[in-house]
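The next block holds one structure in the form of structure tokens; read it before the comments.
The values are calculated or read from the model by the stated rules, or taken from the named source; none is laboratory data. Predicted model only: the values in this text are computed from it and were never measured. Counting neighbours? That spans all protein chains shown, and the Cβs are built from the backbone with ideal geometry, glycine included.
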Amino acid sequence: MNLKPIDQQVVAVVGASSGIGRDTALKFAQKGAKVVVSARSKEGLATLVEEISRAGGEAIAVPADVADFEQVKAVADKTVDRFGRLDTWVHTAAIGLFATFDSITPEEFKRVIDVNLMGQVHGAMAALPHLKREGRGSLIHITSVEARRSLPFQSPYSSSKHGVEGFLDAMRLELKHEGYQINVANILPAVINTPFYTKGKTKLGVKPTGVPPYYNPSLVSEAILYASEHQVRDYIVGDVGRILDVVHKVSPALTDALLLAIGFAGQKTTEPKAEDPNNLYEPIQGYDRVEGDFKGLEIPSFLDKIDKSPVATFGALAIAALGGLALLGGLRD
């Protein structure tokens with residue numbers, strides 16, 4: 001697949017005001033790409049464009065709520081109007097809701113689906129006509145390890161991520177069948193230290209957290225940049241995510257046992273937190289940064305390079321399998 005080098009690309013990053021999206025936009029600009037950034041937070045986009053411009057990069061902002069297709073389409077259209085084409089579409093926008101299933105209203109559940117699933121559908125629908133016109137390019141969608149294995153307290157989020165993986169798999173085959181050289185990449189992060197957990201709505205009574213350990217957002221942005229230049233199908237970011245994926249394929253019951261042991265208490269901090277403020281329906285201010293509040297829980301990841309090095313794939317998979325077997329043995333003891 002003949003994809004352009006980054007310094008020759010026009011890239012749209014949706015969900016760019018904070019976290020993975022913000023770091024991704026900054027890295028694309030640093031490497032010479034022309035960048036269009038989008039999110040609901042106008043203030044967050046303004047500071048991001050300013051940061052890119054100060055560093056000598058070129059970027060414009062197009063605010064949008066991804067639940068509205070016309071707003072997402074405007075992002076793609078304005079990208080082409082300004083820079084003449086679209087080479088890579090990166091879709092990171094997502095919201096969280098931390099609660100037991102029976103405490104969630106239908107409206108709340110639907111809102112998560114509208115943003116996390118339909119938002120990504122809207123992004124692909126808006127970007128594809130422009131990529132097809134170019135004859136090549138990348139659609140890079142950020143899902144989650146929860147696209148493979150659902151977690152308690154996150155039924156809407158897990159559902160949305162499963163749905164994204166489903167439509168990507170179908171769309172990828174259709175594009176291959178039609179002969180398009182369009183890379184459809186699914187990036188599946190493990191627990192990443194971004195403001196996601198602080199901004200999300202919680203009904204747990206305390207500030208939520210991902211089940212530690214955490215990984216730095218730069219690991220995900222580096223995977224995204226790699227996928228913009230190389231053909232990538234699925235790219236799990238974070239060693240724990242890779243091991244969990246293998247364990248779940250071997251034994252879903254084992255994964256259930258593991259999550260019963262650590263998945264409930266592991267998602268609660270001891271810090272009290274009310275439901276509001278949250279970013280379920282509107283953006284909230286003060287979180288327009290890359291990293292979240294859990295820097296002290298970050299660890300390095302060693303297996304991520306397997307998608308960049310076919311030679312390392314078999315060894316890394318063996319390590320992941322051994323890790324799963326060791327976990328199984330530990331639970332049986």
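Overview of results
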item: The listed residue being closer than 25 Å to PHE153 by Cβ and at pLDDT 95 or above, out of LEU259, LEU328; result: LEU259
item: Subset of the range 80-126 (residues that are touching a Pro at 6+ places or on another chain (Cβ under 9 Å) and hydroxyl-bearing (Ser, Thr, Tyr)); result: THR100
item: Within the range 263-293, considering residues that are among the polar types (S, T, N, Q) and at pLDDT 95 or above, the one surrounded by the fewest Cβ atoms within 10 Å (Cβ to Cβ); result: THR270
item: In the range 187-241, residue surrounded by the fewest Cβ atoms within 10 Å (Cβ to Cβ) [restricted to those that are within 21 Å of PHE264 (Cβ to Cβ) and among the aliphatic types (A, V, I, L, M)]; result: VAL206
item: Residue list for the range 135-159, filter: touching a residue at least 60 places away in the same chain (Cβ under 8 Å) and either part of a helix (DSSP H, G or I) or in contact with a Cys (Cβ under 7 Å, 6 or more places away or on another chain) (or both); result: VAL145, TYR157
item: Test: residue in the range 54-65 that is farther than 15 Å from ASN116 by Cα and under 17 Å from the mean Cα position of the chain (by Cα); result: no
item: Selected residue (criterion: surrounded by the fewest Cβ atoms within 10 Å (Cβ to Cβ)) from residues of the range 119-138 that are hydrophobic (A, V, I, L, M, F, W, C) and in contact with a Phe, Trp or Tyr (Cβ under 8 Å, 6 or more places away or on another chain); result: MET125
item: Residue list for the range 30-45, filter: surrounded by fewer than 24 Cβ atoms within 10 Å (Cβ to Cβ) and assigned to a strand (DSSP E or B); result: LYS34
item: Hits in the range 204-227 - residues which are under 21 Å from ALA261 (Cα atoms) and in a loop (DSSP other than H, G, I, E, B); result: LEU204, GLY205, THR209, GLY210, VAL211, PRO212, PRO213
item: Failed condition for LEU260, given (1) assigned to a helix (DSSP H, G or I); (2) crowded, with 16+ Cβ neighbours inside 10 Å; (3) among the aliphatic types (A, V, I, L, M); result: (2)
item: Matching entry among ARG85, ARG22, ARG54 (being buried (at least 23 other Cβ atoms within 10 Å of the Cβ) and of a type in the set (Lys, Arg)); result: ARG22
item: Counted residues, the range 152-178 - those being in contact with a Phe, Trp or Tyr (Cβ under 7 Å, 6 or more places away or on another chain) and within 21 Å of LEU139 (Cα to Cα); result: 0
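This table checks each residue for (1) assigned to a helix (DSSP H, G or I); (2) touching a Cys at 6+ places or on another chain (Cβ under 8 Å); (3) touching a residue at least 60 places away in the same chain (Cβ under 8 Å).
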position: LYS4; (1), (2), (3): no, no, yes
position: VAL13; (1), (2), (3): no, no, yes
position: ASP23; (1), (2), (3): yes, no, yes
position: PHE28; (1), (2), (3): yes, no, yes
position: THR47; (1), (2), (3): yes, no, yes
position: ILE52; (1), (2), (3): yes, no, no
position: ALA67; (1), (2), (3): no, no, no
position: ARG85; (1), (2), (3): no, no, yes
